[in-house]
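To start, the structure under review is shown below, and the notes come after it.
Values quoted throughout were computed directly from the atomic coordinates according to the rules given, and no laboratory measurement underlies them. Being a predicted model, the structure only gives us computed values, none of them experimental. Quick reminder, even Gly has a Cβ in these numbers, built from the backbone with ideal geometry, and neighbours come from all protein chains shown.
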Amino acid sequence: MGAGGPVLLAIDGLGPGGAERQLSLLAEGLKARGVEVTVWALHGGPFEEKLSREGIRVQAGPEWPRGSPSAAGLLRQALVSRPSVIHSWGWICALVSSLAAPLSGAVHVTGLVRMGCAPPAKRRRLLLAARLGRLAIGNSMAGLAAWRIPSRKARLVPNGFDPRRLEGLSRRSGRGRPFTVVMAGSMSGHKDFATLIRAAEELGRERPGGFRLVLPGEGPDRGMLAGMAAGLHGTVSIEMPGRLDEILPLLAEADAGVLLSPAGEGMSNAIMEYMASGLPVVCTSTGGNSELVREGIDGFLVPPGDHSAVAARLSTLALDPVLSESMGMSGRSRIMTSFSAEEMVSRTLAVYAEALGRNR
C-alpha cells in the first residue's frame, strides 16, 4: 500500500532521541519502497548526518539573521515539494503543518503521541497539536488513551527496531564476573534512576560485589545520582559513562536491562534495544511497557518506586541463569517478529493511505 506521492516528514529537531531514531528508520524504509521522502527539521542534530548518508533529502530550518530557526521554512518546503502527506513529529511542526497541508494540497498526519501518559499541564499545547492532523499516530495504546485522542483519529503504530544495528555484535558470557545491569536514559524526573540505586544498595548487602550497574545518560539529576552511588561504599560497582551514541555494544556485555519511569513510557526504544540484545527486562508497570514486556515471559514488571521489588527481580535473574536466558531469547524473538522496522513502515503507509482516502 503506497503513500500516493511524495511524503514530507517534519520534526522540531534531529537531536539524539527516540523519536528522531524512529523518524530516521521510517524515512529509510519509505525510500527503500520507492517513496519520495523529504525530512524537514526546525533544528539539526546527529540524525541529520545519518539521514544524509542514507541518501535522504534533509532540509534544516532556515535561520533568521539573529540565529533563531524559522518555522516558516516548513510552509515554504511544503509549497515547493507539494507532498501528498505531511507527517509532523513535533508540536511546532504540527501547528505549521495544519496550515501548510491545505495550501499545498496534502493531508496532515500527526505523530506526537510518544509518551504513555498525558503531558504535564505546562505542555498541554501538545494535546491540542496532536489532534490537528486528519489522523493521529501513537506508538502505544497507553499513550493514545492517556492523550484522549478521539477513536476516529487514533491509529496505533508501534516503534520498530532495525536489526542491522546488531551486525557484528555477539553476547558475551557473564560467567566469572558480576551480574551486569544497564539502565539508559535521560537523568531527569522522567527516568527513576534513584530507585534502581536504592535497589542496588539492597543487592549489595545481599551479595557484596555480585552486581554491577552501568547507567549511561546525562541530565540535571546526574550529580545527585552520583552522590547516591558513592554512598554505597563499593558493595556494588556503579558506572556512569555519560550519553552513548550507540548503546548496543554495551548491552552485548550486560545481563539485564532496566527501565524505571514513574510517569509512563510510550513505546520505549531502550526496552526494545534491551530485548533485541537478548536481555531480560525489569521495568515499571506504567504506560506502554506492558505492551512490550510480557510479565514472566520477557522479563518482569514492577510497581513504580518499589526498590525492593526491583532488587528481588534482579536477584532472581542473577540466581537463575536458565530463566534469564529464556526471557532474553523470548524478548529478542518478540522484537524481531512483532516490532520490526519493516512492520512499522508498513503500518505507517497504511495510515497514510487511509488519510488520503478520507481526502477524496
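Listed values, structure above:
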{"read-out": "Where labels lie 7 Å past Cα in the beta-carbon direction, separation of MET240 and MET224 in nm", "value": "1.2"}
{"read-out": "Candidate aspartates and glutamates - alpha carbon under 16 Å from LYS153, same-chain residues fewer than 8 apart omitted", "value": "GLU354"}
{"read-out": "Inter-part distance where the range 264-281 and the range 156-202 are each reduced to a Cα centre, Å", "value": "8"}
{"read-out": "Summed side-chain charge close to LYS153 - residues other than LYS153 whose Cβ falls under 10 Å, Lys, Arg +1, Asp, Glu -1", "value": "+4"}
{"read-out": "Farthest toward positive dipole pole in the chain [+1 Lys/Arg, -1 Asp/Glu at C-beta], among LEU213, VAL37, PHE300", "value": "VAL37"}
{"read-out": "Check: the range 165-338 dipole with +1 on Lys, Arg Cβ and -1 on Asp, Glu Cβ, in debye", "value": "320"}
{"read-out": "Spin-label pair ARG148/SER285, simplified geometry with 7 Å Cα→Cβ offset, distance in nm", "value": "2.6"}
{"read-out": "Pairwise FRET efficiency - ARG123 versus THR316, Cβ, R0 = 25 Å, nearest 0.05", "value": "0.10"}
{"read-out": "Residues ASP12, ASP298 arranged by fewest to most Cβ contacts within 10 Å", "value": "ASP12, ASP298"}
{"read-out": "Which of ILE56, ILE11, ILE86, ILE238 has the fewest Cβ neighbours within 10 Å, and the rest in rising order", "value": "ILE56, ILE238, ILE11, ILE86"}
{"read-out": "Residue (of CYS93, ASN289, PRO178) at the positive-pole extreme of the chain, dipole from beta-carbon charges", "value": "CYS93"}
{"read-out": "With Cα atoms, 0 to 90° folded angle of helix 321-338 axis to the chain main axis", "value": "10"}
{"read-out": "Aspartates and glutamates whose Cα lies under 18 Å from that of LYS50, excluding same-chain neighbours fewer than 8 positions away", "value": "ASP12, GLU20, GLU28, GLU36, ASP162, GLU167, ASP245, GLU246"}
{"read-out": "Selection from LEU132, SER104, VAL80, by position along the positive dipole direction of the range 75-178 (Cβ)", "value": "LEU132"}
{"read-out": "Helical contribution to [θ] at 222 nm, DSSP H n ≥ 4, -39,500 (n - 2.57), averaged over the chain, rounded to 500", "value": "-12000 deg cm²/dmol"}
{"read-out": "For the chain: relative contact order, % (alpha-carbon pairs under 8 angstrom, 6 or more apart)", "value": "16"}
{"read-out": "Anchor LYS191: aspartates and glutamates whose Cα lies under 18 Å away (excluding residues fewer than 8 positions away in-chain)", "value": "GLU218, ASP221, GLU239, GLU265, GLU273, ASP306"}
